[in-house]
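Read-outs throughout are calculated quantities, based only on the coordinates presented, and are distinct from any laboratory measurement. The shown structure was predicted, so the numbers you read here are calculated from the model rather than taken from an experiment. Cβ placement follows ideal geometry from the backbone for every residue including glycine, while neighbour counts extend to all protein chains displayed.
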Amino acid sequence: MTAKATTSATFEQDVLQAEGPVLVDFWAAWCGPCRMVSPVLDEIQAENPDKITILKLNVDENPDLAMKYQITSIPAMKVFSGGEVATTIIGAKPKFALEQDLAEFLK
Amino acid sequence: MRQLIIIGSGPAGFTAAIYAARANLKPLVVASSVEVGGELMNTTEVENFPGFPEGIMGPDLMAKMQEQAEKFGAEIAYDDVTELDLSGDIKKVTLGSGKTEEAESVIFATGSAYRKLGLPGEDRLSGYGVSWCATCDGFFFREKEIAVVGGGDSAMEEATFLTKFASKVYVIHRRETLKASKIMQERAFANPKIEFVWNAEVVDVLGDGAVTGVTLNDTVTGEKRDLALEGLFIAIGNDPRTHLVHNKLELTEEGTIAVDGRSSRTSVAGVFAAGDVIDPHYRQAVTAAASGTVAALDAEHYLAARGDAGAPAVTSDQLDQDALIETAV
């Protein structure tokens with residue numbers, strides 16, 4: 001199961017108005033570390049289908065959102081809760097490290 | 001139990017894998033979970049690797065090396081090493097997944113990591129305007145004024161690359177002359193968007209939630225001044241990744257893994273090292289690749305000697321390395 005995509009058009013509904021926590025993965029095709037972390041996020045989503053929603057946002061296609069959330073380095077993962085950014089994770093990390101960063105949402 | 005585990009997936013690791021696989025050693029390459037391919041994954045054109053007069057993109061070169069290693073039978077694990085036990089005759093490599101692999105020999109080729117300035121603001125703002133990878137993050141600094149810290153080839157390459165996005169790129173260097181190759185210097189000097197700040201050391205990175213500038217110290221006059229910036233790229237060199245082998249393998253004064261002369265033999269029998277993790281001076285893709293070959297051949301001789309003598313019932317402390325090599329010859 002791969003995490004779904006979100007875009008500028010659907011961001012409000014998918015992320016800001018979502019009930020539970022939503023992790024938005026800001027990525028681009030030319031970003032090697034982004035490609036490496038993508039399957040790791042898919043695994044985390046598959047193992048935690050109800051605790052958190054993981055969505056992927058392509059910064060090339062949605063530069064407005066990248067700018068709005070002041071992204072200056074990717075991969076950048078922002079967990080939204082109640083429409084606000086609760087946690088930011090910058091850079092590719094192995095699965096156990098990401099799970100640690102997301103511990104409060106995965107328990 | 002395996003014959004050989006290779007830790008690292010840069011040019012050294014994959015070249016060692018190619019040679020070891022062709023020697024039927026069935027190597028396992030622990031390639032890292034998120035950093036497969038090493039430093040070349042973070043660069044664009046590689047123009048000085050022989051055989052590519054048109055140049056080749058770093059990630060493409062690494063993809064080809066991996067393809068070549070796999071073609072001859074190398075096994076790749078996209079995982080990290082969390083623990084290493086080199087004390088026994090059989091080496092134990094524990095991975096992030098929890099699995100422990102055992103092997104008669106290990107090639108350690110973990111390369112080196114970006115050096116940091118060592119300033120608190122640097123860590124605080126890492127990913128928020130402070131970066132060590134121009135190709136990764138340059139995209140986000142369109143029309144902004146940014147700086148690169150450093151004076152070598154990497155700094156020149158990054159600065160030149162960043163002019164594709166930034167409105168202005170300062171190159172901050174603590175001396176008056178650059179270490180970079182002449183051709184890279186000339187390209188940077190010729191670029192109208194690049195301005196050199198000589199004899200300057202960054203002593204603080206400023207900003208709250210995002211980089212707003214740096215404080216510079218003039219290395220000649222001692223004067224301090226602030227420079228407004230929206231991005232800071234640090235390109236001051238690399239430090240060898242040896243944390244897994246601290247207190248297990250001898251290190252040199254420069255912090256690299258000590259090897260015997262021009263071989264890859266470390267202070268522990270059956271453990272070989274290659275690439276930037278042993279080389280503080282040259283650190284090129286092609287020198288790393290050559291180093292990987294040396295390690296694979298050294299490992300092959302070591303294993304052949306064990307094959308002839310049978311697996312010794314002694315620990316590595318008691319093994320006489322010279323006797324083993326002579327037996328192989």
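By DSSP, the beta bridges lying fully in the protein assembly as shown are antiparallel in about 50 percent of cases.
Sort A:54, B:234 by Cβ crowding within 10 Å, fewest neighbours at the top. If you can, show how the numbers build up before the last one.
Numbers: A:54 23, B:234 26.
The order, fewest Cβ neighbours first, is A:54, B:234.
Each part reduced to its alpha carbon centroid, the range B:118-136 and the range B:156-191 end up 19 Å apart.
The ranking of B:32, B:9, A:38 from fewest to most other beta carbons within 10 Å of each one's beta carbon is A:38, B:32, B:9.
Between residue B:142 and residue B:189, 0.36 nm times their residue separation minus their Cα-Cα distance comes to what?
Details: separation 47, 0.36 × 47 = 16.92 nm, distance 2.10 nm.
14.8 nm is the gain from fully extending residue B:142 to residue B:189.
Taking the Cβ of residue B:74 as the center, what net charge do the other residues with Cβ under 10 Å away carry, scoring Lys and Arg +1 and Asp and Glu -1? Cβ neighbours under 10 Å give a net charge of +1. Centroid-to-centroid, using Cα positions, the range A:13-48 and the range B:243-281 are 39 Å apart.
Within the straight-line cut-off of under 29 Å between alpha carbons, the lysines reachable from residue B:26 are A:93, A:95, B:64, B:71, B:91, B:92, B:99, B:248, sequence neighbours fewer than 8 places apart in one chain being disregarded. Each 10 Å bin from 0 upward holds the following percent of the Cα-Cα pairs of the protein assembly as shown: 4, 20, 27, 24, 17, 7, 1, 0. Net charge of the neighbourhood of residue B:128, taken over other residues with C-beta under 12 Å away and scored Lys/Arg +1, Asp/Glu -1, is -4. Note on the range B:177-265: Kirkwood radius taken over Cα pairs, Stokes-Einstein applied at 37 °C and 0.692 mPa s, translational D equal to 193 µm² s⁻¹.
Just checking the output field for A:94-106: average partner chain Cβ neighbours within 10 Å of each residue's Cβ? List each step's numbers first, then the result.
Details: counts 10, 6, 6, 4, 1, 0, 0, 0, 0, 0, 0, 0, 0.
Mean partner shielding for this stretch: 2.
Neighbours of residue A:81 by Cβ distance under 11 Å: Lys/Arg scored +1, Asp/Glu scored -1, total -2.
Test of understanding: ordering B:233, B:272 by Cβ neighbours within 10 Å, fewest first, what list do you get? Write out the running numbers ahead of the final one.
On the way: B:233 28, B:272 31.
The most exposed by this proxy come first: B:233, B:272.
Note on chain B: GNM, Cα springs under 10 Å; of B:59, B:192, B:27, the largest mean-square fluctuation is that of B:192.
Cβ neighbours within 10 Å, averaged per peptide: list B:204-211, B:264-271, B:298-305 in order, most packed at the top. Mind dumping the intermediate values first?
Numbers: B:204-211: 17.0, B:264-271: 23.0, B:298-305: 21.0.
Order by mean packing, descending: B:264-271, B:298-305, B:204-211.
Listed by chain and number, the lysines placed with their C-alpha closer than 25 angstrom to that of residue B:144 are A:68, A:78, B:116, B:164, B:168, B:193, B:224; residues fewer than eight positions away on the same chain are left out.
Across all directions, the shadow cast by the convex hull of chain A built on its C-alpha atoms averages 5.9 square nanometres. Computed 3J(HN,Hα) for the range B:196-201, one whole-Hz value per residue from the Karplus formula 6.51 cos²θ - 1.76 cosθ + 1.60 where θ = phi - 60°, is 8, 10, 8, 6, 10, 10, glycine and proline marked x.
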